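**Q** Quick one: structure below, then a few questions.
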Amino acid sequence: MAEVAEKLLLEVANKNSINSLDFSKHLGVNHQAVVGAVKSLQSLGNIIKVDDKQDKRWELTEEGQSVLQKGSHEALVYNAVPKDGIPQSQLMASVPNANVGFSKAMSAGWIKVDKSHEGGPRVFRQVETIKDVVRECLEKIAKLDINDVTEAQKKEYKKRKLITEVKEVSYIITKGENFTTTVSKPEVDLTPEMISSGNWKTTQFKPYNFNALGAPAVTGHLHPLLKVREQYRQIFLEMGFSEMPTNNYIESSFWNFDALFQPQQHPARDAHDTFFISDPATASAFPMDYLEKVKDVHSKGGYGSQGYKYDWKLEEAEKNILRTHTTAVSARMLYKLAQEKEFKPVKYFSIDRVFRNENLDATHLAEFQQIEGVVADRGLTLGDLMGTINQFFNKLGITKLRFKPAYNPYTEPSMEIFSYHEGLKKWVEIGNSGVFRPEMLLPMGLPSDVSVIAWGLSLERPTMIKYGYDNIRDLVGPKVNLKMVYENPLCRLEK
């Protein structure tokens, strides 16, 4: 490196201006070695002045090199045709890239095909001699003598993948304000030897840069989803909620659907909407007293309801699936609460992954994070639900909310939650909510005057709103730009 730097300074002194690429060829060294020497000299002050230069040049591809050595595809086809002709099938089998060569040779009028021949189509020469223009042009391009090669020819050869355009970056180096041909690297440390000998008085030291920033600490980076997830979690905790255990992705249809008063013929239980597990295909060990009550309320009705009036089947309830919502966890927790001797009001939340067999688009994924809040207490109303949801989203800084009446098998009344997306410039559904039905709660054994309000939403859509994404695939999945994860700001609460 030092030797290349010395030679470079001498060359600049003689010529005043040099090109780094030409200089590397002159020295017979790799261009990167010259670039390294330039960077090293730049670090020593204004010894040299450096300007970037970008050039484009044409370079032969591997196929182009083959044409340069052996001739163009059309010339090879022409040369393979004897004076008395050759069967077309034999010609096509004997020449590499025969399809391209045959087409080009026909277009140039070099060969002709006699289809009336008894033995099948036969190819004959149509001219006595040919000029292989393609090979000649590629030879000029290889020698960087492209003045006689037209733009149309370059375009055609590029299309045929015989040549490719290469960008070439080099540096124009001239004398700087403090130019010198003798460079001594300044010392960075004051040693005991320098002090004892007195050399420190004449030694050149590198000046301290007190404005230099320290090296950035090597740390992990949180994905925006994890930032927003933690924000949700903190809000729930601030509001007095307890986190539910959600470590079972595989759930039985009983807890995922039947316990929620969702009929067995419901479209959501179809393979087009739900992922079914093949091994193990079924679950067992249900609380049988509770299961019988669920069966009765589905098939016969009860608790003021006429039910669905169908033949409820245990084999449907036993089927294992990838859970479609974390409400299955809420059902387990509410059943556990109902088994307590004395009812105590509770507030539960969960944030975890759920799975839906959906087509992917800008706002839908086949798996996503669901956030769920559940409150069980006496005398709760729809107003309590709307107020809790408003407080929850206001803490997130999402204030533009709308509620729309909806239908859910396990809640009545039910509401969809919409928020205005500034990026998409439209209202986007971000969640669902409702008051759990008596047909779901009373078979569990909860007191009749206890109401349960709940709401659920995905983690991805509010994150899209907070960070301004209009396509969920830019946030989750194989197309995610990891630079986004490194550079995204902290998701702060708006006050």
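**Q** Return the pairs, sorted by first residue and then second, in which the second residue is open to solvent by less than 10 Å² (accessible area, probe 1.4 Å) and small (Gly, Ala, Ser), the first residue lies in the stretch 317-342 and is in contact (Cβ under 8 Å) with a residue 40 or more places away in the chain and in a loop (DSSP other than H, G, I, E, B), the beta carbons are less than 6 Å apart, and the residues are 6+ apart or on different chains.
**A** Between residues of the stretch 317-342 that are in contact (Cβ under 8 Å) with a residue 40 or more places away in the chain and in a loop (DSSP other than H, G, I, E, B) and residues that are open to solvent by less than 10 Å² (accessible area, probe 1.4 Å) and small (Gly, Ala, Ser), the close pairs are 326/350.
**Q** Right, next: Would you be able to say whether some residue in the stretch 450-466 is of a type in the set (Ser, Thr, Tyr), in contact with a Pro (Cβ under 6 Å, 6 or more places away or on another chain) and either free of Cβ contacts under 8 Å to residues at least 24 places away in the same chain or under 27 Å from residue 391 (Cα atoms) (or both)?
**A** There is at least one residue in the stretch 450-466 that is of a type in the set (Ser, Thr, Tyr), in contact with a Pro (Cβ under 6 Å, 6 or more places away or on another chain) and either free of Cβ contacts under 8 Å to residues at least 24 places away in the same chain or under 27 Å from residue 391 (Cα atoms) (or both).
**Q** OK, next. Filter the stretch 90-124 down to the residues that are assigned to a strand (DSSP E or B) and either open to solvent by 80 Å² or more (accessible area, probe 1.4 Å) or among the aliphatic types (A, V, I, L, M) (or both), then identify the one that is farthest from residue 64 (Cα to Cα).
**A** 113
**Q** Does at least one position in the stretch 147-165 carry a residue that is under 30 Å from residue 7 (Cα atoms) and open to solvent by less than 100 Å² (accessible area, probe 1.4 Å)?
**A** no
Yes/no matrix, rows are residues, columns are (1) touching a residue at least 12 places away in the same chain (Cβ under 8 Å); (2) in a strand (DSSP E or B); (3) closer than 23 Å to residue 169 by Cα:
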| position | (1), (2), (3) |
| --- | --- |
| 10 | yes, no, yes |
| 18 | yes, yes, yes |
| 21 | yes, no, yes |
| 53 | yes, yes, yes |
| 56 | yes, yes, yes |
| 66 | no, no, no |
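**Q** How do the pairs read when you match residues in the stretch 171-184 that are part of a loop (DSSP other than H, G, I, E, B) with residues anywhere that are open to solvent by 50 Å² or more (accessible area, probe 1.4 Å), using Cβ under 6 Å and keeping only pairs 6 or more apart or on different chains?
**A** From residues that are part of a loop (DSSP other than H, G, I, E, B), the pairs are 176/46; 176/49; 177/46; 178/46; 181/10.
**Q** Next question, about the same structure. Residue check, residue 138 against (1) part of a helix (DSSP H, G or I); (2) without any contact (Cβ under 8 Å) to a residue 40 or more places away in the chain; (3) within 43 Å of the chain's Cα centre (by Cα), all met but one. Which one?
**A** (2)
**Q** Something else now. Among the residues of the stretch 344-364, is any open to solvent by 20 Å² or more (accessible area, probe 1.4 Å), at pLDDT 90 or above and part of a loop (DSSP other than H, G, I, E, B)?
**A** Yes, because at least one residue in the stretch 344-364 is open to solvent by 20 Å² or more (accessible area, probe 1.4 Å), at pLDDT 90 or above and part of a loop (DSSP other than H, G, I, E, B).
**Q** Scan the stretch 25-33 and tell me whether some residue there is under 38 Å from the mean Cα position of the chain (by Cα), within 30 Å of residue 100 (Cβ to Cβ) and surrounded by fewer than 16 Cβ atoms within 10 Å (Cβ to Cβ).
**A** no
**Q** Another one. Hey, can you tell me all the residues within the stretch 362-386 that are without any contact (Cβ under 8 Å) to a residue 40 or more places away in the chain and over 24 Å from residue 329 (Cα atoms)?
**A** Across the stretch 362-386, the qualifying residue is only 383.
**Q** Another question, then. Considering only residues that are modelled with pLDDT of 85 or more, open to solvent by less than 70 Å² (accessible area, probe 1.4 Å) and aliphatic (A, V, I, L, M), which ones fall in the stretch 1-17?
**A** Result: 8, 9, 12, 13.
**Q** From the residues in the stretch 416-473 that are under 19 Å from residue 326 (Cβ atoms) and in a loop (DSSP other than H, G, I, E, B), which one is least open to solvent (accessible area, probe 1.4 Å)?
**A** 459
**Q** Okay, moving on. Residues of the stretch 242-261 being open to solvent by less than 10 Å² (accessible area, probe 1.4 Å) and under 24 Å from residue 347 (Cβ atoms), which ones?
**A** Selection gives 244, 251, 256, 259, 260, 261.
**Q** Name the single residue, out of those in the stretch 40-58 being among the basic types (Lys, Arg) and over 19 Å from residue 179 (Cβ atoms), that is most open to solvent (accessible area, probe 1.4 Å).
**A** Restricting to residues being among the basic types (Lys, Arg) and over 19 Å from residue 179 (Cβ atoms), the top hit is 56.
**Q** Count, please, the residues in the stretch 47-80 that happen to be of a type outside the set (Ser, Thr, Tyr) and over 44 Å from the mean Cα position of the chain (by Cα).
**A** Counting residues in the stretch 47-80 that are of a type outside the set (Ser, Thr, Tyr) and over 44 Å from the mean Cα position of the chain (by Cα) gives 9.
**Q** Another question, if that's okay. Before we move on, is residue 37 in contact (Cβ under 8 Å) with a residue 12 or more places away in the chain, open to solvent by less than 20 Å² (accessible area, probe 1.4 Å) and under 42 Å from the mean Cα position of the chain (by Cα)?
**A** Yes: the conditions hold for residue 37.
**Q** Something else about it: Of the residues 220, 307, which is farther than 23 Å from residue 438 by Cβ, open to solvent by less than 80 Å² (accessible area, probe 1.4 Å) and either part of a loop (DSSP other than H, G, I, E, B) or touching a strand residue (DSSP E or B) at 6+ places or on another chain (Cβ under 7 Å) (or both)?
**A** Matching residue, one of 220, 307: 220.
**Q** If you go through the stretch 256-269 one residue at a time, how many are in a loop (DSSP other than H, G, I, E, B) and in contact with a Lys or Arg (Cβ under 7 Å, 6 or more places away or on another chain)?
**A** Qualifying residue count, the stretch 256-269: 3.
**Q** Is one or more of the residues making up the stretch 270-281 at pLDDT 85 or above, within 26 Å of residue 475 (Cα to Cα), in a loop (DSSP other than H, G, I, E, B) and touching a Leu at 6+ places or on another chain (Cβ under 6 Å)?
**A** Within the stretch 270-281 (the criterion being at pLDDT 85 or above, within 26 Å of residue 475 (Cα to Cα), in a loop (DSSP other than H, G, I, E, B) and touching a Leu at 6+ places or on another chain (Cβ under 6 Å)), the answer is yes, since at least one residue qualifies.
The values are calculated or read from the model by the stated rules, or taken from the named source; none is laboratory data. Predicted model, so just to flag it, every value in this text is computed and none were measured. Quick reminder, even Gly has a Cβ in these numbers, built from the backbone with ideal geometry, and neighbours come from all protein chains shown. Surface accessibility is based on the protein's heavy atoms, side chains included, excluding ligands, DNA and RNA. Shrake-Rupley method; radii C 1.70, N 1.55, O 1.52, S 1.80 Å.
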